[in-house]
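Trainee: One structure follows; several queries about it will come next.
The values are calculated or read from the model by the stated rules, or taken from the named source; none is laboratory data. The model shown is predicted, which means the values in this text are computed figures rather than measured ones. FYI the Cβ positions are ideal-geometry reconstructions off the backbone, even for glycines, and counts take in every protein chain you see.
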Amino acid sequence: MSELRVRFAPSPTGYLHVGGARTALFNWLLAKKQGGTFILRIEDTDVERSTKESVDAILEGMKWLGLDWDEGPFYQSECFDLYKEYVQKLLDDGKAYRCYCSADELNAKRELAMQEGRKPKYDGTCRNRNDHPEGAPYVVRFAAPQGGEVAFDDLIKGRIAFPSEELDDLIIQRTDGTPTYNFCVVIDDASMRITTVIRGDDHVNNTPRQIQLYQALGFPVPQFAHVPMILGSDKARLSKRHGATSVIAYRDMGFLPEALINYLVRLGWSHGDDEIFSMDEMIQKFDINNVGRSASVFNTEKLLWLNAHYIKQGDTERLADLLLPHLSKREVTTLGGPDLMLVVNTLKERAQTLEEMADRAVFYYNAPQAYDEAALAKFEKEHLLAVFEAVAEKLSVTSAVDAAGFDLLFKELCTEKVWKMPQVGQPVRIALSGGTQAPGIGEIVQALGCQEAIRRIQAIRSFVAAR
């Protein structure tokens, strides 16, 4: 059995879509599991739409997800001479021909076929044409075999067959001499010795045409696996109107790569009832035969749940590094402020994304400029002033250095003053963070330090006293 060779072949006409990322992931997992080769190929023959920015975005997205490639990236635009050689080979072998039909003639043929209830495919007018008008523009068409059918056993969808009569003579080279997509793909996959093609099921209709080209050129035909598409919540194809579809957009929204990878692998593939997989577990358990035949619905809530899990379980130092760009977007500097790792530790249990964590981290570095007055109004003014004075006094003489020590301090204060914990905790939380949705007060004081905590308590005391 030959070595498994798979490829991911995006077109650089935009960002790396989550659907493309899932296709790349399935290829990558299969290669890793079977000790095969994963190849990255950039299909940039569409010169007008292909951009370096899109190439960079695709590579950036792949690297962020951790989908490293063994060979490449290869670029179709660097292979035009090779494509022309094979076009000429088909012409020389009588398996392709020059077609001089104009656009107007082709449109007229198409309209007539539709009027007569026939499939609007090319009728082969130039297939046996012997005259070659000098200087006249032409395309090169593949002379598709007639009769019978083209069939293949899809690793996901099962046996698929197309009657040959439905397949017209495919254009393989345009009038400007550039090759077309279906032809380039066959030459690339054959020259790269691809053994298994895993791609989206929007390519199913391309497959019989490509199989005919493989056979005409004497190339071995690879196995095919067509992955069902990803749908939005309304069961329409996933698009921007459903939210982010770019891999990098999810990074910028504060998702971790391991969360997105874990979510994508479960979109259409399953291993019992398991939901959470490390990369090693995915490699070990992945089986292309367990990919479902039905389309999958993208569920952002499920992705958020996974992301919260990975944040909660994540390494604090790594999370702190990843959080920095999100704080920078909020013009927050951590220089001279609380230890960011301490801050992350207070927030990682409850954050669903790094963006959410960044929002909740701002108060650590920027003292409150306003307070939740509705929450403060639940307490008598005299009680608030007494709490703030007592807490400031306790903090000024305490020897506590960690959250547990500060929590004990607050409990002792409640015992001394015969206060219930909410009567102290809520006002102090508002004093330190500006609101009521914040970590435990012991955790906050540990991160801020006693001096800064006292300063904030004195500031809110002045605010309450002046009301």
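Trainee: For a quick check of your reading of the model, give me the residue pairs whose first member lies in the stretch 365-383 and is in contact (Cβ under 8 Å) with a residue 40 or more places away in the chain, whose second is of a type in the set (Gly, Ala, Ser), with beta-carbon atoms closer than 6 Å and at least 6 apart or on different chains.
Mentor: 368/434; 371/434; 372/435
Trainee: Still on this model: How many residues does the stretch 386-422 hold that are surrounded by fewer than 18 Cβ atoms within 10 Å (Cβ to Cβ), within 45 Å of the chain's Cα centre (by Cα) and of a type outside the set (A, V, I, L, M, F, W, C)?
Mentor: 3
Trainee: Residue 397 passes all but one of (1) in the same structural domain as residue 440 (by TED's automatic domain parsing); (2) touching an Asp or Glu at 6+ places or on another chain (Cβ under 8 Å); which number fails?
Mentor: Of the numbered conditions (1) in the same structural domain as residue 440 (by TED's automatic domain parsing); (2) touching an Asp or Glu at 6+ places or on another chain (Cβ under 8 Å), the odd one out for residue 397 is (2).
Trainee: All but one of (1) under 30 Å from residue 139 (Cα atoms); (2) assigned to a helix (DSSP H, G or I); (3) not assigned by TED's automatic domain parsing to the domain that holds residue 125 hold for residue 12, so report the exception by its number.
Mentor: (2)
Trainee: Against the condition basic (Lys, Arg) and over 23 Å from residue 169 (Cα atoms), how does residue 52 come out, does it pass?
Mentor: For residue 52, the condition - basic (Lys, Arg) and over 23 Å from residue 169 (Cα atoms) - is met.
Trainee: Here's something else I'd like to know. Looking at the stretch 1-42, which of the residues that are of a type in the set (Phe, Trp, Tyr) and at pLDDT 95 or above is surrounded by the most Cβ atoms within 10 Å (Cβ to Cβ)?
Mentor: Ranking the qualifying residues of the stretch 1-42, first place goes to 28.
Trainee: Continuing with this model, one more query. Anything in the stretch 348-366 that is under 31 Å from the mean Cα position of the chain (by Cα) and part of a loop (DSSP other than H, G, I, E, B)? List them, or say none.
Mentor: Once the filter is applied, which keeps residues that are under 31 Å from the mean Cα position of the chain (by Cα) and part of a loop (DSSP other than H, G, I, E, B), the stretch 348-366 yields 348, 349, 350, 351, 352, 353.
Trainee: Now, a different point. For the stretch 43-56, how many residues are surrounded by fewer than 13 Cβ atoms within 10 Å (Cβ to Cβ) and part of a helix (DSSP H, G or I)?
Mentor: 3
Trainee: Would you please name the residue that is modelled with the highest pLDDT, looking only at residues in the stretch 119-168 that are among the acidic types (Asp, Glu) and farther than 26 Å from residue 268 by Cβ?
Mentor: Within the stretch 119-168, the match that is modelled with the highest pLDDT is 149.
Trainee: Might you check whether a residue that is in contact (Cβ under 8 Å) with a residue 12 or more places away in the chain and assigned to a loop (DSSP other than H, G, I, E, B) occurs anywhere in the stretch 111-119?
Mentor: Within the stretch 111-119, one or more residues are in contact (Cβ under 8 Å) with a residue 12 or more places away in the chain and assigned to a loop (DSSP other than H, G, I, E, B).
Trainee: Output the helices (runs of 4 or more DSSP H) that fall wholly within the stretch 190-282 and possess 3 or more residues being polar (S, T, N, Q) and in contact (Cβ under 8 Å) with a residue 12 or more places away in the chain, or say none.
Mentor: Here the list reads 207-217.
Trainee: Related question: Which is in a loop (DSSP other than H, G, I, E, B), within 30 Å of residue 8 (Cα to Cα) and of a type outside the set (Phe, Trp, Tyr), of 67, 82, 59?
Mentor: 67
Let's see how each residue does on (1) under 21 Å from residue 426 (Cα atoms); (2) not aliphatic (A, V, I, L, M):
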residue	(1), (2)
313	no, yes
335	no, no
351	yes, no
361	yes, no
373	yes, yes
382	yes, yes
385	yes, no
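Trainee: Out of (1) under 42 Å from the mean Cα position of the chain (by Cα); (2) exposed (fewer than 15 other Cβ atoms within 10 Å of the Cβ), what's the single condition that is false for residue 345?
Mentor: Here residue 345 meets the rest and fails (2).
Trainee: Follow-up question, since we're still on this one. Go through the stretch 367-385 and report how many residues are part of a helix (DSSP H, G or I) and surrounded by fewer than 18 Cβ atoms within 10 Å (Cβ to Cβ).
Mentor: 7
Trainee: From the list 389, 317, which residue is part of a helix (DSSP H, G or I) and within 18 Å of residue 428 (Cβ to Cβ)?
Mentor: Answer to the check: 389.
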